[in-house]
């Protein structure tokens, strides 16, 4: 039986183009990828599932096996897996924080918040010190909240997505460049611009934060404005969110992995196969093998201490 598709010229052309076209390199795709998650990735169930995983099924996530094809394969798997893991944690923090803002639409049709002020003086001393402790390279998140004019009914809330229930429109990450107090004095500077004997406690209650946006994400947003007449998301942000520093180092880790993928990583011959899971540790020379065993023993002892 002949295939009717074989007589279609347009189909045959598509097959030829698909076969001979140049494939995008994984390195180029990673370099063009934003390091901060946005609202589209966070609530994409195919990428970051929100179900409670019981271990019975198989999730479509990159796996860290005992063996890897190349060093690039090892780095790529770690990059994708850690990116999705950090996205899930950030999404959970946003879902926990936004309902406490009690956002609503006022009589002027603007977004207002029942439980938020623009001054840190109303917060407890511990919370004020945490905000005052912001420094260069800390990661913050800009949120755009637009709640519905009327609260959703129980039936509508059950059918609505999480961003629709929260009134969350856009999410963008940024990195702190510098923070200044109400008088414009630089705070928490570790670059030497302010000497130790010139340091003074921050003045006032207002803080000005200068941040660096993700260049890849900004390029995508500007392209959407020019080509699709999309809304300028950077003029809609009304919430600044921070996370605990110990849980907020994902950007530096992803950046380090990406930089390693762009370098020609020269791994010694005696380490290459062992690192990828194909070598035999017992075939190493005595001194190198001793170093490996010492490292493994120290790891085991440290794990036993944490149990």
Determine whether the stretch 256-266 contains at least one residue that is at pLDDT 85 or above, part of a strand (DSSP E or B) and within 29 Å of residue 170 (Cβ to Cβ). no
Could you please give the count of residues in the stretch 237-248 that are surrounded by fewer than 12 Cβ atoms within 10 Å (Cβ to Cβ) and in a loop (DSSP other than H, G, I, E, B)? 1
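Looking at 14, 96, 7, can you tell me which residue is without any contact (Cβ under 8 Å) to a residue 12 or more places away in the chain and closer than 19 Å to residue 161 by Cβ? Steps first, answer last, please.
On the way: 14 fails: closer than 19 Å to residue 161 by Cβ; 7 fails: closer than 19 Å to residue 161 by Cβ.
Step by step, each of 14, 96, 7 is checked, and only 96 is without any contact (Cβ under 8 Å) to a residue 12 or more places away in the chain and closer than 19 Å to residue 161 by Cβ.
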Could you please let me know if residue 224 is over 20 Å from the mean Cα position of the chain (by Cα) and farther than 18 Å from residue 131 by Cβ? yes
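Listed here are the residues, each with its yes/no results for (1) under 21 Å from residue 97 (Cα atoms); (2) modelled with pLDDT of 85 or more; (3) in the same structural domain as residue 133 (by TED's automatic domain parsing).
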| residue | (1), (2), (3) |
| --- | --- |
| 145 | yes, yes, yes |
| 148 | yes, no, yes |
| 193 | no, no, no |
| 202 | no, no, no |
| 209 | yes, yes, no |
| 220 | no, yes, yes |
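Specify the residue that is modelled with the lowest pLDDT; the eligible residues are those in the stretch 96-115 that are outside any loop (DSSP other than H, G, I, E, B) and out of contact with any strand residue (DSSP E or B) (no Cβ under 9 Å at 6 or more places or on another chain).
For the stretch 96-115, the residue satisfying everything is 100.
The values are calculated or read from the model by the stated rules, or taken from the named source; none is laboratory data. Keep in mind that what you see is a predicted model, and the values were worked out from it rather than measured. Ideal geometry is used to build each Cβ from the backbone, glycine not excepted, and the neighbour counts take in all protein chains shown.
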